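A short write-up of the structure that comes next.
The values are calculated or read from the model by the stated rules, or taken from the named source; none is laboratory data. The structure presented is a predicted model; accordingly, all values stated were derived computationally and were not measured. Every residue, glycine as well, gets a Cβ built from its backbone with ideal geometry; the counts of neighbours run over all protein chains shown. Surface accessibility is based on the protein's heavy atoms, side chains included, excluding ligands, DNA and RNA. Shrake-Rupley method; radii C 1.70, N 1.55, O 1.52, S 1.80 Å.
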Amino acid sequence: MQILTARNVQIEAIYGCLPSKEIDCLSICQTLYGEGASDVIKGTGIKKKRVVEGAVSSLDLCIEAAIGMFSDYPSARSDVQAIVCVTFTPERRMPANAIVAQSRLGLSNDCLAFDINLACSGYVYGVWLASTIANQVKGKVLLLDGDIQSPIVSPYDKGTLPVLSDAGSATLISSVENNDPWHFSFYTDGSKSDVLQIRAGGSRYPLSTKDLEYVTEEDANQRRNIDIYMNGFEVFKFVATKVSSFLRNFMAETQTRIENIRYFVPHQANVYMIRQLGKGLGFSPDKIWVSCDKYGNSASATIPVTIADRFALTENQTDSRVLVSGFGAGLSISAGLVSLPADLKTRLLTYPSKE
């Protein structure tokens with residue numbers, strides 16, 4: 001296992017942005033499962049989710065989060081020297097979301113700006129990369145993370161429709177002098193890339209009119225080739241075995257004890273999965289932060305959304321060591337031991353803005 005270390009950085013703010021439209025997952029499951037709907041909700045723990053209405057992009061949600069951040073923290077805007085955007089659903093094939101964000105946010109033309117094409121494991125990758133860049137530029141890095149999944153989720157897919165949602169986020173990471181090293185590790189198994197994928201639309205399988213047609217597949221679900229396909233059993237097995245052992249090894253390699261971690265903030269795949277994962281690692285329920293029960297699984301943005309949601313609700317905040325981990329499409333795992341300062345600025349916004 002390779003352990004990467006980042007020093008002299010801190011997270012100053014984490015803002016999330018959710019679509020205002022809320023979906024009752026029980027009504028979805030009643031259509032898909034009939035009398036078994038309540039059992040499905042009990043199994044996933046996801047009662048509600050948020051999805052966009054109309055032509056809203058992943059960047060729209062991230063920009064809304066960043067505007068809220070700069071509204072509360074105006075002095076930070078002029079200090080941003082790089083923009084990194086994590087997404088697998090950019091608003092256009094080109095240019096990158098981060099490049100468009102530079103203009104829409106009125107940031108310096110000297111900003112570094114680029115996207116990372118990753119799904120569920122992407123936020124921790126983004127934090128590691130942003131911290132590395134912050135050390136190089138000796139300034140602030142704006143990390144945007146968001147995806148719009150609802151347009152590419154089949155309304156007939158029993159595995160994805162009840163859980164997948166939309167969200168965006170903005171995280172501000174800065175270079176500071178401190179003695180608080182962060183640790184990261186990553187795992188990749190591309191041999192299982194077909195377990196969670198979008199089949200058409202890339203250069204290997206260019207989009208055709210046939211890809212827009214719904215087809216009944218071997219698992220009895222109807223999908224288009226442009227829809228997200230997920231083999232739920234294989235993903236669950238991956239989390240229960242490989243992700244669990246990876247995180248145990250990560251904690252052992254970094255000589256980190258459970259009692260020294262205040263919170264575990266995993267990718268919000270579903271409530272049952274992350275509760276089982278946290279329990280297996282030795283975390284008590286109060287240390288496992290959950291938000292997907294009310295917002296759904298919005299891919300890698302679930303981690304910053306969860307922090308933005310839960311941090312403000314936590315009393316007597318102190319500087320906190322947290323374990324963050326993303327896992328899913330790839331198949332891929334990311335893990336990070338980072339610190340959240342007691343004065344971390346957080347807020348969860350809605351789009352369109354209600355302010």
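Values for this structure:
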quantity	calculated
Relative contact order %, the range 1-146, counting alpha carbon pairs below 8 Å whose residues are six or more apart	26 percent
Amide H within-cut-off set for Leu349, under 5 Å, with H built and near neighbours excluded	Gly16, Cys17, Leu18
The range 180-252 - percent relative contact order, Cα under 8 Å, separation 6 or more	29 percent
Cα pair count fraction exceeding 19 Å, expressed as % - the range 105-160	47 percent
Rel. contact order, % - alpha carbon contacts under 8 angstrom, at least six apart, the chain	28 percent
Calculated diffusion of the range 261-355, Stokes-Einstein form, Kirkwood radius summed over Cα pairs, 10 °C and 1.306 mPa s, µm²/s	114 µm²/s
Burial ranking of peptide ranges 325-335, 239-249, 279-289 (average Cβ count within 10 Å, highest at the top)	325-335, 239-249, 279-289
Ranked packing of 130-137, 73-80, most packed first, by mean Cβ within 10 Å	130-137, 73-80
Cα-only Debye scattering, the range 140-204: base-10 log of I(q)/I(0) at q = 0.17 Å⁻¹	-0.96
Cα-based equivalent ellipsoid of the range 211-264: semi-axis lengths in Å, sorted from largest, via gyration tensor	39, 11, 8
Thr5, Thr256, reordered so the largest accessible area comes first (probe 1.4 Å)	Thr5, Thr256
Rg over Rh, two decimals, the range 302-355 (C-alpha only, Kirkwood Rh)	1.05
Distribution of pairwise C-alpha distances over the range 137-292, 10 Å bins, in %	8, 28, 33, 22, 8, 1
Distant alpha-carbon pairs in the chain (separation over 35 angstrom), percent	18 percent
By accessible area with a 1.4 Å probe, ligands and nucleic acids excluded, highest first: order of Asp157, Asp194, Asp60	Asp194, Asp60, Asp157
Violating pairs (Cα-Cα greater than 31 angstrom) within the set Lys237/Lys294; Lys210/Lys294; Lys21/Lys345	Lys210/Lys294
Percent of Cα-Cα distances greater than 21 Å, calculated over the range 214-310	43 percent
The range 108-218 - Rg and Dmax from Cα coordinates, angstrom	18.5, 57
Average accessible area per residue (Å²) across the range 52-130 - probe 1.4 Å, nucleic acids and ligands excluded	43 Å²
Where N is the number of residues in the range 11-55, Cα Rg divided by 2.2 N^0.38 Å	1.53
Debye intensity ratio I(q)/I(0), log10, the range 1-116, q values 0.10, 0.22 Å⁻¹ (C-alpha model)	-0.48, -1.21
